[in-house]
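Quick notes on the structure that follows.
Laboratory data are not the source of any read-out in this text; all were calculated from the coordinates shown. What you are looking at is a predicted structure, and each value in this text was computed from that prediction instead of being measured. Here the Cβ is made from the backbone with ideal geometry for all residues, glycine too, and neighbour counts use every protein chain on show.
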Amino acid sequence: MQTIWITGGSSGIGFAVAQKFLEENWRVIISSRNEDKLKKAVEKLKNITSNKEIYYKSCDVSKYKEVDSTIAHIENEISTINIALLNATAYSPNRNQEFDINNYKLLIDVNLNGTINCIDVLKNYMKGRDNLISIVSSPVGYRGMPTAGAYGMTKAAQLNLVESLYFDFKKLNIKISVINPGFIDTESTKLNSFKMPFLKPASYAAKKIFKGLTGKYKFEIYFPFILVFTVKIMRYLPLRIYAFIWKKLGNF
Ligand SMILES: NC(=O)c1ccc[n+]([C@@H]2O[C@H](COP(=O)([O-])OP(=O)(O)OC[C@H]3O[C@@H](n4cnc5c(N)ncnc54)[C@H](OP(=O)(O)O)[C@@H]3O)[C@@H](O)[C@H]2O)c1
């Protein structure tokens, strides 16, 4: 039986991915900050799947010591980790436009420092084992978007980081990949005040992520194709045309 560790696994995409991997007979460990939420998530997963190989360990990814002790606990007490899905996120869309520096700092702490904390500890365990670290980023990181300053900056940095590590981690025999979902219906996106095109349920994301992570190695997993591919194309537009589109879309 193979093992996946999912950060931010108590809700949203992380929870749905945990369910999918359990259904496919994987051992799953979920982490997030709130222990009660984690316990409830585990109870729910035990009720909806027959696979009981589900564990939890609370861990704030922005705190290096917690990340260190969580990964040590999993590796020493539960199982070696075959896939680490770095999915935890802080998200606060309605505060981005005010240039709220505390919001920027929070998102850097969780989305960026949290990611590098996990990678730093994982690499020591995973080197030479041909394991996979996959980071859930966002198409928002492809190019600066209105109102997305803090979140988009951290997601862009994740995309850049993963691309760098794709090269550097080859010598450690650790695979690294990135997941870029379109709009998925979760607690985070319920905070959005705008209409989200091609909004999909978390179970849809889970199926795509399972297929992408367990099939032939893919550097980038993205879905739904039509939405994310369009955003990819927008990266190459001259700023004047890009700005014109945003003006038409939302008077930005
Ligand atoms: N939903 C979308 O449309 C969408 C689109 C593109 C990309 N994404 C990406 O997909 C990932 C999951 O998003 P989601 O929408 O599923 O989010 P979500 O439902 O809001 O879940 C976020 C998870 O992260 C945990 N978390 C927050 N801060 C944490 C911290 N400091 N340490 C550890 N865990 C923490 C939360 O639990 P606690 O509060 O208990 O810690 C929760 O389990 C994120 O990386 C997001 O950027 C989402």
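Between PRO93, ALA16, SER50, the Cα set farthest toward the positive side of the dipole of region 1-94 (charges on each charged residue's Cβ, about the Cα centre) is that of PRO93. Sequentially through region 140-156, phi angles give Karplus couplings (6.51, -1.76, 1.60; θ = phi - 60°) of 4, x, 5, 7, x, 10, x, 6, 10, x, 5, 5, x, 4, 5, 6, 5 Hz, Gly and Pro residues having no value and appearing as x. The dipole here belongs to region 3-250: it is taken about the Cα centre, uses +1 on the Cβ of Lys and Arg and -1 on the Cβ of Asp and Glu, and is about 800 debye. Between LEU107, LEU122, LEU191, the GNM of the chain built on Cα springs shorter than 10 angstrom shows LEU191 fluctuating the most. Average 1/r across all pairs of distinct alpha carbons in the chain, invert it, and you get the Kirkwood radius: 18.6 Å.
In order along region 215-221, the Karplus-derived 3J(HN,Hα) couplings, from 6.51 cos²θ - 1.76 cosθ + 1.60 at θ = phi - 60°, round to x, 4, 3, 10, 5, 10, 10 Hz, and Gly and Pro are given as x. Rounded to a whole number, what is D in µm²/s for region 99-151 from Stokes-Einstein with the Kirkwood radius over alpha-carbon pairs (10 °C, 1.306 mPa s)? Value of D from the Cα-based Kirkwood radius: 122 µm²/s.
Can you list the residues, at least 5 places off or on another chain, whose amide H is less than 5 Å from the amide H of ILE176, using H built in the peptide plane? Residues meeting the amide H criterion: ILE133. The phi torsions of region 187-204, fed into the Karplus equation with coefficients 6.51, -1.76 and 1.60 and a -60° offset, translate into couplings of 4, 5, 6, 5, 7, 6, 9, 9, 6, 9, x, 6, 4, 10, x, 4, 5, 4 Hz, rounded to whole numbers, with Gly and Pro shown as x. For the residues SER137, SER188, SER50, a GNM of the chain with alpha-carbon springs under 10 Å puts the largest fluctuation on SER50. Label-to-label distance, LYS65 versus TYR217, with points set 7 angstrom from Cα along the beta-carbon direction: 3.6 nm.
Could you tell me which residue out of PHE252, PHE169, LEU237 lies farthest along the dipole of region 140-252 toward its positive end? Charges go on the beta carbon: Lys and Arg +1, Asp and Glu -1, centred on the Cα centre. It is LEU237. Taking a ≥ b ≥ c as the square roots of the eigenvalues of the alpha-carbon gyration tensor, region 148-209 is classed oblate because a/c is 1.5 or more while a/b is no larger than b/c. Sorted fewest first by neighbouring Cβ atoms within 10 angstrom, PHE223, PHE229, PHE194 come out as PHE194, PHE229, PHE223.
Exposed loop sites, defined as GluC sites (Glu not before Pro) outside DSSP H, G, I, E and B with at most 15 other Cβ atoms within 10 Å, are absent from the longest region of the chain, namely 25-186. Over the Cα atoms of region 82-126, each weighted equally, I'd like the Debye log10 I(q)/I(0) at q = 0.14, 0.19 Å⁻¹, rounded to two decimals. Each listed q corresponds, in turn, to -0.41, -0.63.
Once the chain from ARG129 to ILE233 is taken as fully extended at 0.36 nm per residue, the excess over their C-alpha distance is 33.8 nm. Each of ARG33, ARG235 was scored by other Cβ atoms within 10 Å of its Cβ. Arranged with the fewest first, they read ARG235, ARG33.
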